[in-house]
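K.L.:
Quick one: the structure is below, and I'll ask about it shortly.
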Amino acid sequence: MSEPLIRFRGVKKAFGPKVIYAGLDLEIRRGEALTIVGGSGVGKSVMLKMLIGLLVPDAGSIIFDGEEVTAMKESALARVRQRITMLFQSGALFDSLSVAENVAYGLEEHYRETMSKADIAERVAWALGSVGLPGIEEMRPADLSGGMRKRVGLARSIALQPEVVLYDEPTTGLDPINTARVNHLIMGLREKLNITSVVVTHDMTSAFTISDRLAMVHSGGIIASGNVDEFRSLTDPRVADFIAGRAPKNEDVETLLKG
């Protein structure tokens with residue numbers, strides 16, 4: 001088996017007294033779709049942000065394609081962010097820019113010296129067509145539905161033609177039809193472009209639909225992982241309760257109200 005494309009080893013991260021990771025160990029294989037699940041506030045999005053250098057771990061190692069991310073300077077991280085793009089939960093579009101300008105943002109930042117305006121416009125059109133939104137370049141984010149905003153955000157991510165796309169809660173706030181559409185896009189883009197997909201979600205229906213493998217974050221690390229069938233059959237009550245949407249049996253109403 002080939003070396004993992006991404007590897008977290010003994011990663012620790014805390015914000016003040018709140019420990020997010022006490023020892024995160026995880027490997028992600030080239031070309032796979034891995035979904036990270038877990039409760040709110042356990043650090044799923046923190047993991048993605050550490051991978052692309054938006055957050056720095058307190059200890060441990062993060063390796064991408066044989067290189068240590070945690071030791072990189074900003075110029076090296078910029079190259080990583082050309083190869084690993086992130087779809088943020090809100091879509092993170094700039095309301096003052098047109099759809100075309102939003103999708104072209106990363107291209108202008110990273111390839112201004114090597115791509116002509118015509119090349120950028122062609123890549124923008126390709127990206128929008130790939131997410132099923134051809135011809136909307138002149139529209140503004142304010143004119144788009146929530147589902148369209150997510151897809152424009154995804155178009156911006158794939159415009160760089162990355163090797164890895166990180167999806168932070170890609171279906172949150174979407175109706176069932178748009179949820180299915182986004183799930184279909186994630187699977188289709190992975191197949192068409194051979195993208196490695198890392199998806200953070202609490203939507204188990206989506207997770208079981210799009211994943212080759214799932215991993216669950218709990219208590220400062222990964223407590224379980226496996227393919228869809230393996231994950232469904234896990235007997236760990238923390239996993240089973242999460243899949244079923246049940247509160248842990250040892251939590252009473254007072255505990256839950258305290259958060």
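No lab work stands behind these numbers, since they all come straight from the coordinates. If you're wondering where the values come from, they're calculated on a predicted model, not measured in any experiment. Cβ: placed from backbone, ideal geometry, glycine included. Neighbour counts: every protein chain shown.
K.L.:
Where q = 0.19 Å⁻¹, what log10 of I(q)/I(0) comes from the Debye formula for region 1-75, counting one point per Cα?
P.N.:
-0.80
K.L.:
Still on this structure, please answer the following. If you add up the charges near GLY129, with Lys and Arg at +1 and Asp and Glu at -1, over every other residue whose beta carbon is less than 12 angstrom from its beta carbon, what do you get?
P.N.:
Details: positive: ARG123, ARG151, LYS192; negative: GLU122, GLU137.
Computed value for this residue: +1.
K.L.:
Separate question: Want the number for THR205 to ASP143: 0.36 nm per residue separation, take away the alpha-carbon distance, what's left? Numbers along the way, then the final one.
P.N.:
Details: separation 62, 0.36 × 62 = 22.32 nm, distance 2.92 nm.
That works out to 19.4 nm of additional length.
K.L.:
Note the full-extension length gain between ARG79 and ASP212 as 0.36 nm times their separation in residues minus their Cα-Cα distance, in nm to one decimal. All intermediate terms of the calculation are to be shown ahead of the outcome.
P.N.:
Working: separation 133, 0.36 × 133 = 47.88 nm, distance 2.72 nm.
Extra length from ARG79 to ASP212 when fully extended: 45.2 nm.
K.L.:
Let me ask another. Treating only the Cα positions of region 85-209 as identical point scatterers, give the base-10 log of I(q)/I(0) from the Debye formula at each q in 0.13, 0.15, 0.22, 0.23 Å⁻¹.
P.N.:
-0.47, -0.63, -1.35, -1.46
K.L.:
Post the alpha-carbon centroid distance, region 180-231 to region 119-158, in whole angstrom.
P.N.:
Between the Cα centre of region 180-231 and that of region 119-158, the gap is 23 Å.
K.L.:
Which of these, GLU32, GLU122, GLU101, has the largest mean-square fluctuation under a Gaussian network model of the chain (Cα springs below 10 Å)?
P.N.:
GLU122
K.L.:
Quick one: compute the contact order of the chain, relative version, from alpha carbon pairs under 8 angstrom and 6+ residues apart, as a percent.
P.N.:
Details: 430 pairs, mean separation 63.2, N = 259.
Normalised by residue count, the contact order of the chain is 24 percent.
K.L.:
Pull up the DSSP beta bridges for the chain and report the antiparallel fraction as a percent, rounded to 5.
P.N.:
On the way: 19 of 36 bridges.
Among the beta bridges of the chain, antiparallel pairing accounts for roughly 55 percent.
K.L.:
Here's a follow-up. Relative to 2.2 N^0.38 Å, what does the C-alpha radius of gyration of the chain come to as a ratio? Two decimals please. Write down the numbers at each step before the final one.
P.N.:
Numbers: Rg = 18.8 Å, N = 259, 2.2 N^0.38 = 18.2 Å.
Compared with the compact-globule rule of thumb, the chain sits at 1.03.
K.L.:
To the nearest µm²/s, what D does Stokes-Einstein give for region 139-242 at 10 °C and 1.306 mPa s, using the Kirkwood radius over alpha carbon pairs as Rh? Please report the intermediate quantities before stating the final value.
P.N.:
Numbers: Rh = 15.0 Å.
Approximately 106 µm²/s, per Stokes-Einstein.
K.L.:
What's the FRET efficiency of GLU191 with PHE15 using the Cβ-Cβ distance as r and R₀ = 51 Å, to the nearest 0.05? Please report the intermediate quantities before stating the final value.
P.N.:
Working: r = 37 Å, r/R0 = 0.73.
For R0 = 51 Å, the calculated efficiency reads 0.85.
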